[in-house]
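Novice: Pasting a structure below so you can have a look.
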Amino acid sequence: MPVYLAIPLVLLVSAVAALTLAVLGGATLVFLLGKIHGPGDLGDAMLAFFCAAPSIAVLVFVSCFPILVNWHHDTSWLAPTFAFALGAVLVWVWAHDFGGIGYAWYVPGTIAWLVSCWLLRPKLSSPSEHVIEA
């Protein structure tokens, strides 16, 4: 598959996975908090919609995008950086319409970004044919 087709497909698959897991995570949080507080608490739904779901979405998107790109061809730290920047901007624009809550939802995505950049760093090794043997 050519790169000009693979990257948009990876972007779409990563976005669908992020949104799916964000909805599932938010619904699970509302369910679990409903068991603790009782059903129908609006605060639980607000917490899930405005804090947990964006956190999960950024985390999954930043984790999924470089993995899928790396399956197609070798990549570097630029893939997770692009994914984190895109996810952070989209969440910021989404939250800006609702007045914003803070930066807590960026923490899981930031951790995933740092781990992905560390795992995709260039491996430095000295080739054995260039080493002077004594």
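The values are calculated or read from the model by the stated rules, or taken from the named source; none is laboratory data. It should be emphasised that the depicted structure is a prediction, and the values quoted were computed from it without experimental measurement. Neighbour counts run over all protein chains shown; Cβ positions are idealised from the backbone, glycine included. Surface areas here come from the heavy atoms of the whole protein model, side chains and all, with no ligands, DNA or RNA. Shrake-Rupley method; radii C 1.70, N 1.55, O 1.52, S 1.80 Å.
Novice: Take the range 73-91 and flag every residue that is in contact (Cβ under 8 Å) with a residue 24 or more places away in the chain and open to solvent by less than 70 Å² (accessible area, probe 1.4 Å).
Specialist: HIS73, THR75, SER76, ALA79, PRO80, THR81, ALA83, PHE84, LEU86, GLY87, ALA88, VAL91
Novice: Can you tell me which residue within the range 61-88, out of those that are part of a helix (DSSP H, G or I) and β-branched (Val, Ile, Thr), is nearest to PRO2 (Cα to Cα)?
Specialist: Result: VAL69.
Novice: Right, next: Residue check: is PRO8 outside any helix (DSSP H, G or I), farther than 23 Å from VAL115 by Cβ and either in contact with an Asp or Glu (Cβ under 8 Å, 6 or more places away or on another chain) or free of Cβ contacts under 8 Å to residues at least 24 places away in the same chain (or both)?
Specialist: no
Novice: Go through the range 38-60 and give me each residue that's open to solvent by less than 30 Å² (accessible area, probe 1.4 Å), part of a helix (DSSP H, G or I) and farther than 22 Å from GLY109 by Cβ.
Specialist: Passing the criteria: only ASP44.
Novice: Mind listing just one residue for me: the one in the range 1-30 that is out of contact with any helix residue (DSSP H, G or I) (no Cβ under 9 Å at 6 or more places or on another chain) and open to solvent by 90 Å² or more (accessible area, probe 1.4 Å) and, of those, modelled with the highest pLDDT?
Specialist: Filtering first and then ranking leaves LEU12.
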